[in-house]
Amino acid sequence: MADWTGVSRTNFFRVKDGAAFEQAMSGHAVDLWKKEPEGEGTLYGLGAGSNEGYWPDWNDDGDEIDFPAIVAEHLADGEIVVFVSAGYEKHRYVTGHAIALDNTGKTVEVDIGDIYARAKETFGIEPSPAEY
C-alpha cells in the first residue's frame with residue numbers, strides 16, 4: 001500500500017488579532033509564516049507541517065475538525081484565505097484541490113479531478129483517467 005505525499009500551503013492574509021491567531025495555530029501541526037510589507041501590517045501564511053503534506057483534520061482529542069474554517073474565523077474583514085494542496089501516490093494518482101474562504105463562511109472550491117467532466121463537456125469525449 002502506498003502513501004499519499006503532498007504539499008499544502010496558503011496565500012498570505014491578514015487576521016483580526018495576530019496574537020489570538022498565533023495561539024489558535026499553535027495547537028495544530030502547521031508551519032506559520034509572517035511577513036510585514038512596509039505599510040501593510042502583518043500578513044500570515046500557512047503550510048501543512050505534517051499529515052503527509054495535508055491540512056490537519058483531527059484535534060488532540062481525536063475529534064474531526066474543519067481546519068480551513070478555523071483559520072477563516074480569524075480573518076480580517078475583506079480578506080480571503082486560499083488553501084492549495086497537491087500530491088501523488090506512487091505516480092498512480094495525482095491529486096490537487098483548492099478552497100478559498102472568507103470570514104463569513106462563504107467558500108469556493110476546485111478539484112483537479114473536475115477536468116474529466118469539463119473535457120467531456122467541451123470535446124464531447126470522455127477521456128481516460130490519468131491513473132492506473
Checked region 87-102 for anything at pLDDT 95 or above and not β-branched (V, I, T); matches are G96, H97, A98, A100, L101, D102
In region 83-102, residues that are assigned to a strand (DSSP E or B), touching a residue at least 24 places away in the same chain (Cβ under 8 Å) and under 14 Å from T10 (Cα atoms) total 6
Residue count, region 1-33, condition under 17 Å from D60 (Cα atoms) and among the β-branched types (V, I, T), comes to 1
Checked region 24-52 for anything exposed (fewer than 11 other Cβ atoms within 10 Å of the Cβ), at negative phi and not in a strand (DSSP E or B); matches are S26, E36, P37, E38, E40
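Does I115 satisfy the condition of being farther than 18 Å from R9 by Cβ, outside any loop (DSSP other than H, G, I, E, B) and either under 13 Å from the mean Cα position of the chain (by Cα) or aliphatic (A, V, I, L, M) (or both)?
Numbers: farther than 18 Å from R9 by Cβ: yes; outside any loop (DSSP other than H, G, I, E, B): yes; either under 13 Å from the mean Cα position of the chain (by Cα) or aliphatic (A, V, I, L, M) (or both): yes.
Spelling it out, I115 is indeed farther than 18 Å from R9 by Cβ, outside any loop (DSSP other than H, G, I, E, B) and either under 13 Å from the mean Cα position of the chain (by Cα) or aliphatic (A, V, I, L, M) (or both).
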Scanning region 53-64 for residues that are within 21 Å of A98 (Cα to Cα) and exposed (fewer than 15 other Cβ atoms within 10 Å of the Cβ) gives D57, W58, E64
(1) touching a residue at least 40 places away in the same chain (Cβ under 8 Å); (2) surrounded by fewer than 18 Cβ atoms within 10 Å (Cβ to Cβ) all hold for T10 apart from (2)
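The values are calculated or read from the model by the stated rules, or taken from the named source; none is laboratory data. Predicted model, so just to flag it, every value in this text is computed and none were measured. For neighbour counting, all protein chains shown are included, and Cβ atoms are generated from backbone atoms with ideal geometry for every residue, glycine included.
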